[in-house]
1. For a footprinting-style exposure proxy, rank A:Cys4, B:Cys35 by other Cβ within 10 Å, fewest first.
2. Can you list residues from other chains, or at least 5 along the same chain, whose modelled amide H is less than 5 Å from the amide H of A:Val130?
3. If the limit is 26 Å between Cα atoms, which of B:Lys30/B:Lys68; B:Lys7/B:Lys140; B:Lys42/B:Lys88 go over it?
4. Which cross-chain or sequence-distant (5 or more) residues have an amide H under 5 Å from the amide H of A:Val138, H modelled 1.01 Å from N in plane?
5. Using helices alone, I'd like the mean residue ellipticity at 222 nm for chain B: each DSSP H run of four-plus residues gives -39500 (n - 2.57), total over residue count, nearest 500.
6. Relative contact order for the stretch A:116-204 using alpha-carbon pairs under 8 Å, separation at least 6, rounded to a whole percent?
7. At a threshold of 8 angstrom on Cα-Cα distance, excluding pairs fewer than six apart, so keeping six or more, what relative contact order does chain B reach in percent?
8. Give the cross-link partners of A:Lys139 among the aspartates and glutamates, using a straight C-alpha distance below 14 Å as the criterion and excluding same-chain residues fewer than 8 apart.
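Just so it is clear, none of the values below were taken in a lab; they were calculated from the coordinates. Just so it is clear, the structure is predicted and the values come from calculations on it, not from any experiment. Neighbour counts run over all protein chains shown; Cβ positions are idealised from the backbone, glycine included.
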Amino acid sequence: MKTCASKFVDYMHEYLDGDISREHEQSLKQHLQTCPDCQQHMHELSDTVAFIKSAAHITAPPSFEEQVISRLPKRKNSVGIKRWFRQHPLLMAAALFCLFMSATVLGSFPNDNQFSVTKKPNIVVEGQTVTVPAGEVVKGDIVVKNGDIIIEGEVDGNVTVINGNYMASTAVVTGQVEEIDEMFEWLWFKIKDGFNNLMAVFSNK
Amino acid sequence: MDALVNKRIKQVLKGDQNAYADIVNLYQHKLYQVCFRMLGNKQEAEDIAQEAFIRAYINLHSYDQNRKFSTWLYRIGTNLCIDRIRKKKPDYYLDAEVAGTEGLDMYSQIAADEQSPEAAVEQMELQDRIQYEISRLPDKYRSVIVLKYIEELSLQEISEILDMPLGTVKTRIHRGREALRKQLNNL
């Protein structure tokens with residue numbers, strides 16, 4: 001049996017892998033010329049490689065592509081939304097900001113139908129009607145929610161009526177009179193109010 | 001081709017499922033062939049190759065586009081094949097000696113037909129014979145031999161697909177060749 005150094009078998013495999021060094025190749029060639037056993041071994045290995053390489057090409061069945069596509073999972077919507085969020089962080093932040101802002105502003109919209117009025121010492125409240133009696137002077141702003149206001153005297157300030165009517169004949173109002181019915185106007189009022197407060201803070205300084 | 005594949009992959013990632021059909025079309029035969037040679041069964045090969053394409057689709061976001069797509073796909077496919085081979089491995093072998101007997105293996109326990117197994121193998125068509133010899137290889141040699149000689153991939157690529165060092169790939173190819181040589185000589 002074989003008594004040759006096992007390095008020659010290693011060289012044979014290096015040769016078959018195509019990465020044998022020049023020195024190894026030389027020594028393998030010389031050895032094969034003198035050793036019939038190794039020659040036989042080399043021969044068998046080459047035959048083995050030729051045998052396996054003669055395997056026919058195999059192709060996938062014709063319906064393969066179609067079947068893969070039909071088996072693909074349907075893309076979940078949440079995945080798409082999540083990806084969109086990840087790709088547009090700035091838009092996402094802006095959208096969230098708008099959402100919360102509108103929630104706070106609209107939340108203060110008087111959707112409750114409760115009647116309320118700014119408390120003043122010299123006004124008369126009857127049911128849902130506020131009256132500033134003739135000859136009286138009310139100092140400061142009046143805000144009436146879900147009610148009407150009748151001014152017969154004088155108001156030294158702004159009058160705001162929300163979801164109600166302003167009725168005046170001989171009234172003297174030194175400030176502005178506003179009637180607010182719609183959501184949009186309410187928002188606008190809020191914004192103006194906020195802006196005026198801001199201005200007041202600055203002008204007070 | 002790589003540029004086209006990367007373009008299609010980007011389209012798929014953007015949600016265009018139809019672009020994936022092109023990718024399947026490009027690689028279906030290669031992947032199916034590996035699976036068939038590894039498993040030796042058309043039905044299983046189709047099943048596993050489809051599964052590999054589906055897994056690749058699901059995990060496409062984790063694919064590194066600077067590397068070869070085929071390497072990544074082969075990796076998914078060969079891993080699935082190896083899993084399948086291990087699962088269906090029988091817990092007895094025909095070559096194993098029957099307990100309590102001397103020199104009697106399972107072959108001798110099978111009612112002897114007119115043909116010996118050796119004779120049956122000798123009468124096989126060449127293509128059946130090739131597949132038979134591949135299927136007799138232990139799975140760790142089978143995968144490297146299939147990738148090297150059926151798919152004709154470079155050793156470097158095989159080492160990436162199987163995620164093992166180049167040296168290990170070489171050793172396995174050497175041993176695989178020796179194992180095949182012995183199988184062929186035994187007949």
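1. A:Cys4, B:Cys35
2. When sequence neighbours closer than 5 places are left aside, the close amide H contacts are A:Asp148, A:Ile149, A:Ile150.
3. Checking Cα-Cα distances, B:Lys7/B:Lys140 exceed 26 Å.
4. Result for A:Val138 returns A:Glu154, A:Val155, A:Asp156.
5. Value at 222 nm, helices only, nearest 500: -21000 deg cm²/dmol.
6. Relative CO of the stretch A:116-204 lands at 20 percent.
7. Across chain B, relative contact order equals 20 percent.
8. Candidates past the 8-residue exclusion: A:Glu154, A:Asp156.
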